[in-house]
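Participant: Have a look at this one.
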Amino acid sequence: MSGKGWLERGADAVGHGVEWAGDKVANGLENAGWQGGANAVRASTNSVANLISVEAHELQLGQTDDPRRLIHGSVSALRSTVSHLRDFQNAFDQTGLGLKGLDEDGITGAAADAFRTEAQKQPPRWFTAADACDTAANALDRFADTVQWAQGQAQEALDAYKIAIKTSEAAHKAYAEWCATYEAAVRAQQDPLPARPMGFTDPGEGGIQAARDKLAEARRQRDEAARSAVGALETARDAAPPLHSSSRCSPTWPWRVSARPTCSAASGGGPPRSR
């Protein structure tokens, strides 16, 4: 697949998806008062989006010795974004569990009924937001796996290509010398003449094509993974809870979290408890 095809069908879409996922995390951290964390998330996600959505075409075999210029993508930046999403998933789960554990002690009558009605609405919204983070993280994690594999394939293609090129060059040189020797013998009217050169067959041609095919297949699978990641990111976006203006402790879209929800959601460290 050409560089242009990858950029049009894969890189831009995934790059935008990474930026979208990172913005959701950063917005939530910022509104929760963690400005430093928000800045770090934005920096990492903008970086990986830029690395994926590069404007330059991917190079071909023979143009570079760097597999990352044959297969674009930063595995480390993708993994970093996945880690941020996992942390945020846990925070959403903890908030939902905290809201789920609230009771109406000291509240009676209509106020208690209203509290119960509102309290029942809140945890599912936070759990849905957590699930959306999980979906996005899984999508980017799978894509990172594929990019890492594809860049490994690109390195193998590079190695095989170099060997095939050397084989081809050596064969061309030997054939040219054979032809030169024969032509010199003809001019000198040598008798008997040396063996006449026959049609040339390039022994490196098959290896060169095999290396190109390996790179093309790696790009194809990388592009397929990119499309899958975009679809999963869109699913996460669509599944995230919408803004309900009547609720001040509901997660808003895009995934904003109040620093101190009015319903005093409990939070804590450690893995999420059973919902």
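The values are calculated or read from the model by the stated rules, or taken from the named source; none is laboratory data. Since we're looking at a predicted model, the values are computed, not measured. When we count neighbours, we look across all protein chains shown, and the Cβ atoms used for this are built from the backbone with ideal geometry, even at glycine.
Participant: Out of all the residues in the range 132-141, is one or more among the acidic types (Asp, Glu), at pLDDT below 95 and closer than 25 Å to Leu70 by Cβ?
Facilitator: Filtering the range 132-141 down to residues among the acidic types (Asp, Glu) leaves 134, 141.
Imposing the further condition that a residue be at pLDDT below 95 reduces the set to 134, 141.
From the residues that got through so far, the ones that are closer than 25 Å to Leu70 by Cβ too are 141.
Yes; the residues of the range 132-141 include at least one that is among the acidic types (Asp, Glu), at pLDDT below 95 and closer than 25 Å to Leu70 by Cβ.
Participant: Continuing with this model, one more query. Here is a check on your reading of the model: is Ala218 small (Gly, Ala, Ser) and crowded, with 16+ Cβ neighbours inside 10 Å? Please lay out each step first, then the result.
Facilitator: Values: small (Gly, Ala, Ser): yes; crowded, with 16+ Cβ neighbours inside 10 Å: yes.
So Ala218 fits the description; yes.
Participant: Given the structure, is Glu224 surrounded by fewer than 14 Cβ atoms within 10 Å (Cβ to Cβ), at pLDDT below 95 and either in contact with a strand residue (DSSP E or B) (Cβ under 6 Å, 6 or more places away or on another chain) or within 19 Å of His72 (Cβ to Cβ) (or both)?
Facilitator: On the way: surrounded by fewer than 14 Cβ atoms within 10 Å (Cβ to Cβ): yes; at pLDDT below 95: yes; either in contact with a strand residue (DSSP E or B) (Cβ under 6 Å, 6 or more places away or on another chain) or within 19 Å of His72 (Cβ to Cβ) (or both): yes.
Yes.
Participant: Same structure, new question: For the range 160-175: of the residues being surrounded by fewer than 13 Cβ atoms within 10 Å (Cβ to Cβ) and under 39 Å from the mean Cα position of the chain (by Cα), which is farthest from Arg68 (Cα to Cα)? Working first, answer last.
Facilitator: Filtering the range 160-175 for residues surrounded by fewer than 13 Cβ atoms within 10 Å (Cβ to Cβ) gives 166, 169-170, 173-174.
Pick out the ones that are also under 39 Å from the mean Cα position of the chain (by Cα) and you get 166, 169.
Numbers: Lys166: 23, Glu169: 26 Å.
The selected residue is Glu169.
Residues are listed down the side, and each one gets a yes or a no for (1) in contact with a His (Cβ under 8 Å, 6 or more places away or on another chain); (2) in contact (Cβ under 8 Å) with a residue 40 or more places away in the chain; (3) surrounded by 12 or more Cβ atoms within 10 Å (Cβ to Cβ):
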site	(1), (2), (3)
Glu177	no, no, no
Glu183	no, no, no
Gln189	no, no, no
Pro192	no, no, no
Pro197	no, no, yes
Asp202	yes, no, yes
Ala210	no, yes, yes
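Participant: Going by the structure shown, is Leu97 surrounded by fewer than 22 Cβ atoms within 10 Å (Cβ to Cβ), modelled with pLDDT of 80 or more, in contact with a Ser or Thr (Cβ under 9 Å, 6 or more places away or on another chain) and not hydroxyl-bearing (Ser, Thr, Tyr)? I'd like the intermediate steps shown before the answer.
Facilitator: Working: surrounded by fewer than 22 Cβ atoms within 10 Å (Cβ to Cβ): yes; modelled with pLDDT of 80 or more: yes; in contact with a Ser or Thr (Cβ under 9 Å, 6 or more places away or on another chain): yes; not hydroxyl-bearing (Ser, Thr, Tyr): yes.
Against the criterion (surrounded by fewer than 22 Cβ atoms within 10 Å (Cβ to Cβ), modelled with pLDDT of 80 or more, in contact with a Ser or Thr (Cβ under 9 Å, 6 or more places away or on another chain) and not hydroxyl-bearing (Ser, Thr, Tyr)), Leu97 qualifies.
Participant: Write out, first by first residue and then by second, each pair whose Cβ atoms fall under 6 Å of each other, whose residues are 6+ apart or on separate chains, and whose first residue, in the range 58-77, is without any contact (Cβ under 8 Å) to a residue 12 or more places away in the chain while the second is assigned to a loop (DSSP other than H, G, I, E, B) and hydrophobic (A, V, I, L, M, F, W, C).
Facilitator: Arg69/Leu59
Participant: Restricting to the range 120-149, give me the number of residues that are crowded, with 24+ Cβ neighbours inside 10 Å and touching a Pro at 6+ places or on another chain (Cβ under 7 Å).
Facilitator: Number satisfying all stated conditions: 2.
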